[in-house]
Amino acid sequence: GAAADNDLYINQAIVFIEDAIQYRSINHRVDSRSLWLYRWYYSRTCQWILSLTITVILALAFIEEPSSLTVTSDVRYRLPAWNPPCGLTESIELLCFLVFVVDVSVKSYLIGWKEFWKNKWLMAYILTLIVSLADWIVSLSFFCKESVRIRRILRPFFLLQNSSMMKKTLKSINSTLPEMASVLLLLAVHLSLFTMFAMLLFARTKDNQQDKEWVVYFRNLPDSLTSLLVLLTTANNPDVMIPAYSKNRAYSIFFILFTVLGNLFLMNLLTAIIYNQFRGYLLKSVQSSLFRRRLGIRAAFEVLSSLRETPASAQQSCVSVGALLQVLQKAEMDSRCKQAIMRSLKMCSCDQLSAVQFQKLFEELDKDAIKQHPPSPEYQSHFMQKMQFAFGHPCFGYLGNVVALANIISICVVLVMDADKQPSERDDFFLGAINCFFILYYLLEMLLKILAMGLKRYLSYPSNRFDGLLTVILLILEIATFAVYGFPHPGWRPEFMGLLSLWDMVRLVNMLIVFRFLRIIPNMKFMALVVTTLLDLVKNLRAFAGILVVVFYAFAITGIMLFKGAVVPLGNARGSEEYSEAEFTGSCVHISLGKKKVLSWCSAHFQAGVVYCFLYVLSVHLICRWAKIYFVAWWLISSVIWVNLFVALLLENFIHKWDRRCQRESLSGIEYQRTVELMFRDVLEEPTEEELMEKLHQHPHLQLCR
């Protein structure tokens, strides 16, 4: 009936407006049951469960065999790690897989089967789940004793597919591969030519004493190529040139030319190309997001204009104010925006809204979020008014900064004086006394500021919250110190008591005092500008940081499978200064080691699944030759491509935000909270009426009346 149709239109409008707020696509099913499922899926509870599931399945790597939950990573000193019994982590995995199966099923149903076959990400999602479940079954059938688990490498995909920004970045990377490949090819030519020069320059001679460069670095083509590749990363600089330089200083010209051409020109050229390709990437992404928002608002207008209460005599489509109010009351949106739209509706004298008026109302979503601080309390007493003026004045804050600086200087003086003293010779009286004095001042300063500004206004400033929290923590630590060790006095060196020794508690207090010194940042204009810009970038570019997590995780898991147990100390390792040999398992051969440092490096990294030591391992030739492919691939993907991509995006956002903030005059008592979408608001193009309607008519599930 008419009532059921009206309810459907209202629900459709609610969902379309929520899609517009979150920049989501509106190409999904719009019948009553699907709308209920859609809102349930995108509810905070469901999205929180999905995020938690992704976090749990990624975190399983820390407790799965080989577990890295040990205090030290050194194989000589660490105790056996706890390995969960077979079936424990597999049960958690199965629960995570079930959540992912529900996730992909709901997504596939909501977009419809025709759209599903066009969606490569969903098909890859299903394929990943099938492979993971098959590998899970294999693990149980082998009683968790298999060494290779493919599903562990596939886990980052669940994080990747859950972020639309990560998907867009990968799509853009794919489009820029030809440009990057040209520079990488040039880099390979540079490396190959200098490798040939090196093999000719440092060829073997009759004098074995003069052949150290050939023996260590340029014995054959693979070793020569590896040595120069590591030099390109500067990891073995200047070690690689020391034997040749000791023989003849002129050999340094070869290494200088290689480093200048490779590092200063080609590597920076690659960064410039990636930056140039991505300079407009974020702008295009934000433009696409704006189109989605406008399309969602227009779709809501179109379905509301189909309500039975709309006057049939109207020459153009319009929406009643009552219908819009009904939608706003049920829609999940920011309270500030909702109140602003409702205020605009009350001020509007008309009962019907045109498409232009409807769209204009929702432009409130695009505006800056302005945070106004609560007013200060009004005191009747003349004395209290003077107190409020004095302690609310900026000069009182500057005095606090001077006191904090004096505290830092006093701590530095004491640390320098006690640097070479044994713990038994150290007198903590002076440091304890000055800490007590300054903490009392910080407490007094906080209370006076609350008196002048009022508690609500004081807490409305992030710098005050930071300052007050550290002051309270310092006060609690100081009271705990006095309760355990008594008040400071000459020769204040009591024995270890309680959870922390006196020196540990004093150090903890001093570290917090040093951290508290960051309070000066808001008072330094350009420093505050840089810090707030960086904090906003961290908040807005989380998707790009997620890509780095995906790459790091995938390579870490691969490193665990390839190099698990690669370094094994022989005999009684404890207390020995050097090792004569170590045994490499798998396809690598038995290799003699002369330095315990090498064993520490490898055990600290590959046993824990982190691959930072690859440059050092390459430089000392501790792994079999085929393993070098893994390390070179890691270096190319993580350091050369992904890090440069992240730097390019960081530069683009930072420069744009810096220019915008420098042009805008600061408003006292008002804080602007900007997002990436709002940063480019002044250069975005509004979609035309024809573009919006054409896209709406292409909707696979929505049939418009006109």
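The values are calculated or read from the model by the stated rules, or taken from the named source; none is laboratory data. In this text the structure is predicted, and so the values were computed from the model without any measurement. Backbone-built Cβ (ideal geometry, glycine too); neighbour counts: all protein chains shown. Calculation scope for accessible area: heavy atoms of the full protein, side chains included, ligands and nucleic acids excluded. Shrake-Rupley method; radii C 1.70, N 1.55, O 1.52, S 1.80 Å.
Brief remarks follow.
- Single unsatisfied condition, Lys167 versus (1) over 23 Å from the mean Cα position of the chain (by Cα); (2) not assigned by the TED database to the domain that holds Tyr251: (1)
- Flag for Trp117 being without any contact (Cβ under 8 Å) to a residue 60 or more places away in the chain and open to solvent by 60 Å² or more (accessible area, probe 1.4 Å): yes
- Flag for Ala331 being touching a strand residue (DSSP E or B) at 6+ places or on another chain (Cβ under 9 Å), open to solvent by less than 40 Å² (accessible area, probe 1.4 Å) and modelled with pLDDT of 80 or more: no
- Restricting the search to helices (runs of 4 or more DSSP H) fully inside segment 164-250 and requiring at least 3 residues that are within 30 Å of Ser25 (Cβ to Cβ) gives 164-201.
- Single condition Asn6 does not satisfy, out of (1) under 18 Å from His699 (Cβ atoms); (2) polar (S, T, N, Q); (3) open to solvent by less than 40 Å² (accessible area, probe 1.4 Å): (1)
- All conditions but one from (1) more than 23 Å from Leu562 (Cα to Cα); (2) in a loop (DSSP other than H, G, I, E, B); (3) without any contact (Cβ under 8 Å) to a residue 12 or more places away in the chain apply to Arg29; the one that does not is (3).
- Extreme residue, most open to solvent (accessible area, probe 1.4 Å), among residues of segment 335-358 that are within 24 Å of Tyr42 (Cα to Cα) and touching a residue at least 12 places away in the same chain (Cβ under 8 Å): Arg336
Rundown of residues vs (1) open to solvent by 70 Å² or more (accessible area, probe 1.4 Å); (2) at pLDDT 95 or above; (3) touching a Gly at 6+ places or on another chain (Cβ under 9 Å), yes/no style:
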{"residue": "Thr55", "(1), (2), (3)": "yes, no, no"}
{"residue": "Pro66", "(1), (2), (3)": "no, no, yes"}
{"residue": "Asp74", "(1), (2), (3)": "no, no, no"}
{"residue": "Tyr77", "(1), (2), (3)": "yes, no, no"}
{"residue": "Leu88", "(1), (2), (3)": "yes, no, no"}
{"residue": "Phe100", "(1), (2), (3)": "no, yes, no"}
{"residue": "Tyr109", "(1), (2), (3)": "yes, no, no"}
{"residue": "Trp121", "(1), (2), (3)": "yes, no, no"}
{"residue": "Ile137", "(1), (2), (3)": "yes, no, no"}
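- Annotation: Ile130 fulfils all but one of (1) part of a helix (DSSP H, G or I); (2) touching a helix residue (DSSP H, G or I) at 6+ places or on another chain (Cβ under 8 Å); (3) open to solvent by 60 Å² or more (accessible area, probe 1.4 Å); the unmet one is (2).
- Yes/no for Tyr38 being assigned to a helix (DSSP H, G or I) and of a type in the set (Ser, Thr, Tyr): yes
- Screening Cys86 against (1) within 25 Å of the chain's Cα centre (by Cα); (2) within 21 Å of Glu146 (Cβ to Cβ) leaves a single unmet condition, (1).
- Among the conditions (1) outside any loop (DSSP other than H, G, I, E, B); (2) under 32 Å from the mean Cα position of the chain (by Cα), the only one that Lys118 does not satisfy is (1).
- The residues on offer are Arg149, Arg155, and the sole one that is modelled with pLDDT under 90, surrounded by 18 or more Cβ atoms within 10 Å (Cβ to Cβ) and in the same structural domain as Phe97 (by the TED database) is Arg149.
This table checks each residue for (1) surrounded by 12 or more Cβ atoms within 10 Å (Cβ to Cβ); (2) modelled with pLDDT under 90; (3) under 24 Å from Thr271 (Cα atoms); (4) within 29 Å of the chain's Cα centre (by Cα).
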{"residue": "Ser175", "(1), (2), (3), (4)": "no, yes, yes, yes"}
{"residue": "Leu193", "(1), (2), (3), (4)": "yes, no, yes, no"}
{"residue": "Leu201", "(1), (2), (3), (4)": "yes, yes, no, no"}
{"residue": "Lys206", "(1), (2), (3), (4)": "no, yes, no, no"}
{"residue": "Asp223", "(1), (2), (3), (4)": "yes, yes, no, no"}
{"residue": "Thr226", "(1), (2), (3), (4)": "yes, yes, yes, no"}
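- Residue match in segment 288-309 (condition: more than 28 Å from Pro178 (Cα to Cα), surrounded by fewer than 17 Cβ atoms within 10 Å (Cβ to Cβ) and modelled with pLDDT under 85): yes
- Any helices (runs of 4 or more DSSP H) falling wholly within segment 623-706 and containing at least 1 residues that are open to solvent by 70 Å² or more (accessible area, probe 1.4 Å) and either at pLDDT below 65 or of a type in the set (Ser, Thr, Tyr) (or both): 643-663
- Residue match in segment 464-478 (condition: open to solvent by less than 30 Å² (accessible area, probe 1.4 Å), modelled with pLDDT under 70 and among the hydroxyl-bearing types (Ser, Thr, Tyr)): no
- Long-range neighbours under 7 Å by Cβ, at least six apart or interchain, first residue among the charged types (D, E, K, R) within segment 51-74, second not in a helix (DSSP H, G or I): Glu65/Asn83
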